[in-house]
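Below: one structure, written as structure tokens.
The values are calculated or read from the model by the stated rules, or taken from the named source; none is laboratory data. All values derive from a computational prediction rather than experimental measurement. Here the Cβ positions follow ideal geometry from the backbone for every residue, glycine too, while neighbour counts run over all protein chains shown.
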Amino acid sequence: MRIIHAKNKEEMSKIAAQIFIEQVTNKPDSLLGLATGGTPVGLYDELGKSGCDFSRVTSVNLDEYAGLPGENENSYRYFMNDNLFRKINIKLENTNVPCGTAEDLQAECKRYSALLNKLGTRDIQLLGIGPNGHIGFCEPDTELFATCSVVDLTESTIQANARFYNDISEVPRQALSMGVKEIMDAKHIVLIAEGAGKKEILKKACFGKITTQVPASLLQLHPNVTVIEATGLEEE
Ligand code: GLP
């Protein structure tokens, strides 16, 4: 793991944006894995301002809430359209997010996994980290899903995401998420994290034991991970 210590969220976003801009400049038809959450918003703003040509890029997102249609502002499809896709010249038909309102969610997971297989290895996969160490919506457990699955969100995740809703009872209890094997199937993984609240979990992910109870710790097994952090993490 290569760990880059940024001074603050702005610097983290700029450094991460530079990695994406270089990728797309060098390979205009890049396949990018994208993420949601508060952390990537600054990075997406930077990409919007960059003038970089995304017209030949294809994107795949990590996850989506079960039950939320793309028009719902808490859905990840809405988030991506609003925070990134409308700011760059990517073709909307080349952007992929699991469908949270599919009649048969298991079948939708199978479709998404088949799509990932068809598209092939991502050039970059962007990740955030949940307060409990989750990546995508791969929640801590005794075993983890390898491929796209319907997951039950943990109490910690429901609480962490409640800030986006009027009431915690409105937070979806389930989501569709890429599995760990699929997340890891990227040439380069870029994990961003900011805020002192993420410092301890990031420390476990980067330097702790490799355990399914901290899904991000599995990234230690990937040969090409860049962590860009503004949490105050110190080197071990
Ligand atoms: C959600 C997403 C994750 C994201 C995490 C952290 O649960 N499924 O992909 O990394 O939130 O979000 P934030 O950046 O808001 O802390």
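Scanning the range 112-140 for residues that are in contact (Cβ under 8 Å) with a residue 60 or more places away in the chain, more than 15 Å from Ser177 (Cβ to Cβ) and aliphatic (A, V, I, L, M) returns Leu119, Ile124.
Against the test of being out of contact with any Lys or Arg (no Cβ under 9 Å at 6 or more places or on another chain), modelled with pLDDT under 95 and basic (Lys, Arg), the options Arg163, Arg173 yield a single qualifying residue, Arg163.
Take the conditions away from the ligand (no atom under 16 Å from the Cβ), over 18 Å from the mean Cα position of the chain (by Cα), aliphatic (A, V, I, L, M) and assigned to a loop (DSSP other than H, G, I, E, B) and apply them to Ala114. Does it pass?
Answer is no for this residue.
Residue count for the range 55-71 satisfying the condition of being touching a strand residue (DSSP E or B) at 6+ places or on another chain (Cβ under 7 Å) and either among the acidic types (Asp, Glu) or away from the ligand (no atom under 15 Å from the Cβ) (or both): 4.
Scanning the range 190-201 for residues that are more than 11 Å from the ligand (Cβ to nearest atom) and either of a type in the set (Ser, Thr, Tyr) or touching a helix residue (DSSP H, G or I) at 6+ places or on another chain (Cβ under 9 Å) (or both) gives a single hit, Val190. Arg77 meets the conditions (1) within 16 Å of the ligand (Cβ to nearest atom); (2) crowded, with 16+ Cβ neighbours inside 10 Å; (3) under 23 Å from Met184 (Cβ atoms) in every case but one. The failed one is (3). When you look at Ser169, is it over 15 Å from the mean Cα position of the chain (by Cα), surrounded by fewer than 20 Cβ atoms within 10 Å (Cβ to Cβ), away from the ligand (no atom under 13 Å from the Cβ) and without any contact (Cβ under 8 Å) to a residue 40 or more places away in the chain, yes or no? It is true that Ser169 is over 15 Å from the mean Cα position of the chain (by Cα), surrounded by fewer than 20 Cβ atoms within 10 Å (Cβ to Cβ), away from the ligand (no atom under 13 Å from the Cβ) and without any contact (Cβ under 8 Å) to a residue 40 or more places away in the chain. Residues in the range 110-138 that are buried (at least 23 other Cβ atoms within 10 Å of the Cβ) and more than 20 Å from Leu32 (Cβ to Cβ): Gly130, Gly133, His134.
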